[in-house]
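A short reminder: the numbers here are calculations on the coordinates, not readings from a lab. The shown structure was predicted, so the numbers you read here are calculated from the model rather than taken from an experiment. Every residue, glycine as well, gets a Cβ built from its backbone with ideal geometry; the counts of neighbours run over all protein chains shown.
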Amino acid sequence: MEEECRVLSIQSHVVRGYVGNRAATFPLQVLGFEIDAVNSVQFSNHTGYTHWKGQVLNAQELHELYAGLKLNGVNKYDYVLTGYTRDKSFLAMVVDIVQELKQQNSKLVYVCDPVMGDKWNGEGSMYVPEDLLPVYREKVVPVADIITPNQFEAELLSGRKIHSQEEALAEACGLVLADVGRPTRRDLICRGRVEASGRTAAHVLSAAATVRCAPRPPGSAVTPCLPPRDQRSGAAPEAVAATVPVAPWVTGLRPVLPHRTGQAVMDMLHAMGPDTVVITSSDLPSSRGSDYLIALGSQRTRRPDGTTLTERIRMEMRRVDAVFVGTGDLFAAMLLAWTHKHPDNLKVACEKTVSAMHHVLQRTIQCARAQAGEGRKPSPAQLELRMVQSKKDIEDPEIVVQATVL
């Protein structure tokens, strides 16, 4: 009999569609996990629709739910999974729960997507209250085992910002010690400001070739998508935008070597605590052109003799010309599953995660376009992820995106 593996997932919930727990529960169950879901919000639908209604769970209510589990002796978990949160006290309560669960089970793995913001027009912007940042830096990330930030979130966590690719190359030389004696992990990814005819690159959301859109810059090809997440309470969908035809680096600057920058990035994030890091988006130039995005991953394992072995990978994915929601939640859930099944092989775990994402998104966009009709833009309802229809691809994804070991 196969041993039970149970996940406590604290995320948003929607009645219709797939975001938060709705995007995480089905794929994890299909892959053999038991899921106990705490809904941080309960909305009628995700907030990319014109209208939505619902309720938001507060920190005290979260504590009461956990207390009920504890009183019955069923607060025993192998994994904790968390995503978007916009309340400081709620986030602090999550940390308290994780710490208590880790005291009970030292092997518990906490998978955290530190959702805080993204880049619009080449500049970063937070869509959660700024007082969440120190909670993530000082409390959440140090107890996390796996984190999945995007580029901007990685920069927020580091407290440093890279303005040029030269700085990124300099970062690859090592960590900088300052402040109170801890590493001040400098900028985590070279963004390399992208400028061509006054246009800037669209920011990237996930390793599944997704980006969150911003208002259309003058003269650019960016398609506006969803409103800033600070208007969206809790459900907070992930979005994908059209490809932006811009140059991959500023004229006169030599391109970054992705593997050199990536190694520095990974070491800086590991210094914060997590042993597995997947930066699901970066503006590093791809050798395959501006239609491709780069994701970086690193896994640190300790040998019996006390030494550390680090596996680093890079993945290049083609952009998708569509607007989806829930992709980040789906990505984190499947990464949890595949790192569990391949604990010492980040390359395989990420290839299966990203390839499954590819199949889900391709099926979704094909169905959405067929429903919308030729020449018409699919609606948010038509672009809901085709999760059930992708069951076989989630269970056993054909590998269509290969990772490169750095």
Q. Gap in Å between the Cα centre of the stretch 98-146 and the Cα centre of the stretch 276-344?
A. 17
Q: Determine, for each peptide in 347-358, 134-145, 306-317, the mean count of other beta carbons within 10 angstrom over its residues, then list the peptides with the highest first.
A: 347-358, 134-145, 306-317
Q. Considering only the other residues whose Cβ falls under 10 Å of the Cβ of H358, what net charge follows from Lys and Arg at +1 and Asp and Glu at -1?
A. 0
Q.
Tell me whether the stretch 3-66 comes out rounded, prolate or oblate; compute the Cα gyration tensor, take square roots of the eigenvalues as a ≥ b ≥ c, and use a/c under 1.5 as the rounded threshold.
A. oblate
Q.
Please list, short to long, the whole-number percent of alpha-carbon pairs of the stretch 75-151 in consecutive 5 angstrom bins beginning at zero.
A. 3, 16, 27, 23, 16, 9, 5, 2, 1, 0
Q.
Using Cα-Cα distances under 8 Å and only pairs 6 or more residues apart, what relative contact order does the stretch 103-151 have, in percent?
A. 51
Q) Between V400 and L65, what length in nm is gained on full extension when 0.36 nm per residue of separation is reduced by their alpha carbon distance? A) 116.5 nm
